[in-house]
Amino acid sequence: MRRVGPNSFTEVYFAGCNPSFVETTDGYVMIDSPQQPIDAVRWRERMEEKAPIRYLINSEPHGDHISGNAYFSNVTVVGQVKLQECFERYLVAFGTLEEKRERFKETDPDSVWLVGHPDYPSSNPPTMTFDDRLTLHVGNHTFDIIHMPGHTAPQTSVYVPEERIVFTGDNVFHKCRTWMQECDPWEWLQALKSIEALDVETIIPGHGEPCTKTYLKEQGQIVENWIGYIERFVDRGLSPEEILNEPIEVTKQDPYPIGQRLFMHNERLTGMIVHNLHRRILERKQQVG
């Protein structure tokens, strides 16, 4: 657990994303939930010993950000309206209960008994939604929840001015490999500009260590590198499969290793990035043409 502000905390060593929370005078506000069931239950129990959890804000729909929601069934979940619409689809993509049990037998045996436990729902989607922006006042803190599409369509940042901190979710990968498997890269670049405009000292990324706004330029460069790289293949008329048959210069586009127990997805991620960016670049060229 890392203190990242006067009353803000994050965990950068869990499998999956960086779940975080802010301690207010009227309880806790969480940003994303721990992926592993045992971690989620431990978090909830330790917080509730001290104060109630008022809100759980999901920054995006990927499983490492939302699968722990089930263990916070008594908490109001907040999410962008598109996230609510696709919540169940993404959760299913993360695996059936049986698939999760089998996976945890290998990766996290302490969590096996909690998967499908009768005390917890199979899912816990947002019940409080917003389109572009939502402001919550909890105790002595303000939570400015802002839709910033990029890494995913519902992507959301949570700006807490009293802490001078922003929780960006996966619009920022700090010095670990950037996942671009379904992004709109041009929206992502705009989101980075929006983050840059916030009055913050600290950025809590979706993955990697906390950082400052100085890293945003490098994050944007990684996105631009991939756009330019795949665009050259598209201009040659190559299909995604033909691109993947050539040596892919991944580290020239993104120099960082994949993080947080995700290495087994490294090769698959390259293929997903190629397919996604190929489709989006081709569509963009057709629209312009």
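Values quoted throughout were computed directly from the atomic coordinates according to the rules given, and no laboratory measurement underlies them. Quick caveat: nothing in here was measured; it's all calculated off a predicted structure. All Cβ positions, glycine included, derive from the backbone under ideal geometry; neighbour counts span all protein chains shown.
Summary table below
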quantity	calculated
Net charge contributed by nearby residues that have their C-beta within less than 10 Å of Gly68 (K/R +1, D/E -1)	-2
Projected-area average for the stretch 160-214 over all orientations - Cα convex hull basis, square nanometres	3.7
Out-of-range pairs (alpha-carbon distance over 26 Å; input Lys50/Lys213; Lys82/Lys193; Lys175/Lys252; Lys193/Lys285; Lys213/Lys252)	Lys50/Lys213
Sequence of Met47, Met264 once ranked by neighbouring C-beta atoms within 10 Å, starting from the fewest	Met264, Met47
Distance from the stretch 148-207 to the stretch 33-83 (C-alpha centre basis), Å	19
Cα-Cα separations in the stretch 176-254 greater than 18 Å, expressed as whole percent	48
Cα-centred dipole magnitude for the stretch 1-155, charges only on beta-carbon of K, R (+1) and D, E (-1), debye, nearest 20	180
Pairwise FRET efficiency - Arg46 versus Asp26, Cβ, R0 = 22 Å, nearest 0.05	0.75
Cα Rg, Dmax (largest Cα-Cα span) when computed across the stretch 1-68, Å	11.1, 30
Test item: Cα-centred dipole of the stretch 219-288, Lys/Arg +1 and Asp/Glu -1 on Cβ, debye	200
The chain: antiparallel DSSP beta bridges as a percent of all, rounded to 5	60
Gain on full stretching of the segment that runs from Arg2 to Lys175 - 0.36 nm per residue minus C-alpha separation	60.5 nm
Segment Lys105-Thr127, extension gain: residue separation times 0.36 nm, minus the distance between their alpha carbons	4.7 nm
Helix 185-196 axis, angle to the chain major axis (alpha carbon atoms, nearest 10°)	50
Sites Leu282 and Cys86, calculated FRET efficiency, Cβ-Cβ separation with R0 30 Å, nearest 0.05	0.80
Acute angle (nearest 10 degrees) that the helix 97-107 long axis makes with the longest principal axis of the chain, alpha-carbon atoms	90
Dipole of the chain [Lys/Arg +1, Asp/Glu -1 at C-beta], most positive-end residue of Thr168, Pro255, Val78	Pro255
The chain - charge dipole about Cα centre, Lys and Arg +1 at Cβ, Asp and Glu -1, debye rounded to 20	220
Span per principal axis, largest first, for the Cα atoms of the chain (Å)	60, 45, 30
Unit charges at the beta carbon, dipole of the stretch 155-289: most positive-side option, Leu282, Val158, Met264	Leu282
